[in-house]
1. So which of B:80, B:56 ends up being outside any helix (DSSP H, G or I), within 11 Å of chain A (Cβ to nearest Cβ) and surrounded by 23 or more Cβ atoms within 10 Å (Cβ to Cβ)?
2. From the list B:142, B:179, B:122, which one is under 26 Å from residue B:17 (Cα atoms) and in contact (Cβ under 8 Å) with a residue 12 or more places away in the chain?
3. For residue A:3, which of the numbered conditions (1) assigned by TED's automatic domain parsing to the domain that holds residue A:198; (2) touching a residue at least 24 places away in the same chain (Cβ under 8 Å) fails to hold?
4. Of all the residues that make up segment A:201-255, how many are farther than 21 Å from residue B:54 by Cβ, more than 14 Å from chain B (Cβ to nearest Cβ) and touching a helix residue (DSSP H, G or I) at 6+ places or on another chain (Cβ under 7 Å)?
5. From B:319, B:311, grab the single residue that is within 14 Å of another protein chain (Cβ to nearest Cβ), more than 30 Å from residue B:73 (Cβ to Cβ) and in contact (Cβ under 8 Å) with a residue 24 or more places away in the chain.
6. Please indicate, with yes or no, whether at least one residue in segment A:32-44 is facing chain B (nearest Cβ under 10 Å), farther than 25 Å from residue A:261 by Cα and at pLDDT 95 or above.
7. I need the full set of residues from segment B:29-53 which are surrounded by 21 or more Cβ atoms within 10 Å (Cβ to Cβ) and part of a helix (DSSP H, G or I), in order please.
8. Could you tell me how many of the residues in segment A:101-112 are closer than 13 Å to residue A:134 by Cβ and either in a loop (DSSP other than H, G, I, E, B) or in contact with a helix residue (DSSP H, G or I) (Cβ under 6 Å, 6 or more places away or on another chain) (or both)?
């Protein structure tokens, strides 16, 4: 059986968890949390980083920092995970769902401007499959209308965007805020886990407070205030040290993980491109402004029937391939709240996209076997 | 140096974390999560249990389940941790803070009824130091006014309440909902971590959905629906399996942990009671309806000056003793929102209560040394 995903252990996870356990510091914000946060700041140029218990929680922090009030509007793609929207709905936001691009499941950047109203507070681009949205276009729109940009970079660790002047920035370092996931299905994992990147200094202090349950505890330990107390809303967003310890082992092996995944991705691409072209099946597109972090390899079928046939054929060969999101604007929860616009590209990907097995320990001959089954 | 707290490892924590890691199931709701949840259900009679990433998150789930809407009122003591209130404020609640009892930092049950208005939705008793509030009185008030009772049982694992008819129930099994903490400072720990206990069947199904990011994923895996999607608000409340694995090692040693802590508590009590009486210093009171789970041993001084002197004296003898909450109704965040009532007992405990070192590995001779320094 070839599973769709298998969490990869670099070897030192348990060792570092032991270390965290035996130093006696088990709650959040200890040695490993700081090491991970510093790694992200220095490697990717995020101004300030805070580990969270999940990407969902990082998005919730972003929604609080964006000061979302009931009735405020947030623009995001419909083809995304429920947490992208739930985080803002929890603060009372109305979601204005955008369609996907025709050539890619990411948000159709050209549709954003028409969705902006007086109540719009933020744009939330989702870097689907770790492939950048056109952040230059999105940041320009945000600047024009004075909106915040919160990158949902759940899948986008170690991926980059090139601006038209040649500047290259890591995804998550471009928007005012960005959220990453270390869920066991991601490139870099900690079981459940996430990260909030804060690139706009206006939010740094408040982020720390919200992270620490609405208290100024961090400022207290830096000696900036003489006692700490309740100063804001907030939650317990910080993960246990054991989670950060696990993550640290992964980060030490980031280059190895990424290079292996890219090799897998290229094997899929080279093996399938002729067949795909002949059969009108789409393969992942990487725009010129984007890089490939090899988070995911997927096919875009012509129809739901073709997709079901491929999934079934793979399944009967003991290979697990899975579809992905269902358009959120058509979900039981939001269907009635949506403004009725059709979002055909989002619906198309909901019906026709299928993800192939992709994990570190996948073997080249297994990938070749998967390719042969698909081609058959 | 005798610290205030030292997380205790029973010996098998790392072993079980290894187990979770190597089974390849690292995200939430795996084998250890289920084992822990079943343990709590069968040991304490909670109807349904869901592990969470923190007690804060369990309280947030409770606030969502209670369907708190902007302007709804919630009654709770002012002498509590910020998360007790933040969880409800995040949903738009106005907090009506109650005073503490004169003989105990817990909520003054007799003051609750006067705080009820048409907008009141819930009462949140906090079992301070793991000692029960008068749950019979509180449940009767709640029944009379059709209110929900959400027990903040953060400190109250393995503690009980005896009703006037002789019935004994575990704390957390009496209110409609209850929240527990496994933060490293608690009797039973997982670093960061918590538990929501659901005792009212009306909330069971929705609790599962909210826990799974607002999706009906659990129903899907039970075969009750043929696909799963976004059906409600929610968040990622479930912890990594490694956290549950750690907790499981603790639960296997619950009796040993509890019996050792009770021994420590009794040594403090016996060693200090005469001195306390002579010097007008209060010691923890356990009402007849309550049991002692030995979560905490504290002194209630006559004045803040006396408390500071004791803390300083202990510090100069390398013993760490710490005060606890600051009245939330006087906090920078809620001062202006509070209705102006004086809550003198809450303020008194804010100024006069000091907690002594209390952890499994504390030695009897260390406790005797602490007692001698206090008496000196």
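1. On the way: B:56 fails: outside any helix (DSSP H, G or I).
The unique qualifying residue is B:80.
2. Values: B:142 fails: under 26 Å from residue B:17 (Cα atoms); B:122 fails: under 26 Å from residue B:17 (Cα atoms).
The conditions single out B:179.
3. Only one criterion is unmet by residue A:3, namely (1).
4. 2
5. Details: B:319 fails: within 14 Å of another protein chain (Cβ to nearest Cβ).
Of the residues listed, the single one that is within 14 Å of another protein chain (Cβ to nearest Cβ), more than 30 Å from residue B:73 (Cβ to Cβ) and in contact (Cβ under 8 Å) with a residue 24 or more places away in the chain is B:311.
6. The initial filter retains those residues of segment A:32-44 that are facing chain B (nearest Cβ under 10 Å), namely none.
No; the residues of segment A:32-44 include none that is facing chain B (nearest Cβ under 10 Å), farther than 25 Å from residue A:261 by Cα and at pLDDT 95 or above.
7. If the condition is that a residue be surrounded by 21 or more Cβ atoms within 10 Å (Cβ to Cβ) and part of a helix (DSSP H, G or I), then B:32, B:33, B:36, B:40, B:44 are the ones that fit.
8. Looking only at segment A:101-112, we keep the residues that are closer than 13 Å to residue A:134 by Cβ, and these are A:101, A:103-104, A:106-112.
Filter once more, keeping what is either in a loop (DSSP other than H, G, I, E, B) or in contact with a helix residue (DSSP H, G or I) (Cβ under 6 Å, 6 or more places away or on another chain) (or both): A:101, A:103-104, A:106, A:108-109, A:112.
Going through segment A:101-112 one residue at a time, the tally reaches 7.
The values are calculated or read from the model by the stated rules, or taken from the named source; none is laboratory data. Keep in mind that this is a model prediction, so the values were computed, not measured. Cβ coordinates were reconstructed from backbone atoms using ideal geometry, including for glycine residues, and neighbour counts include every protein chain displayed.
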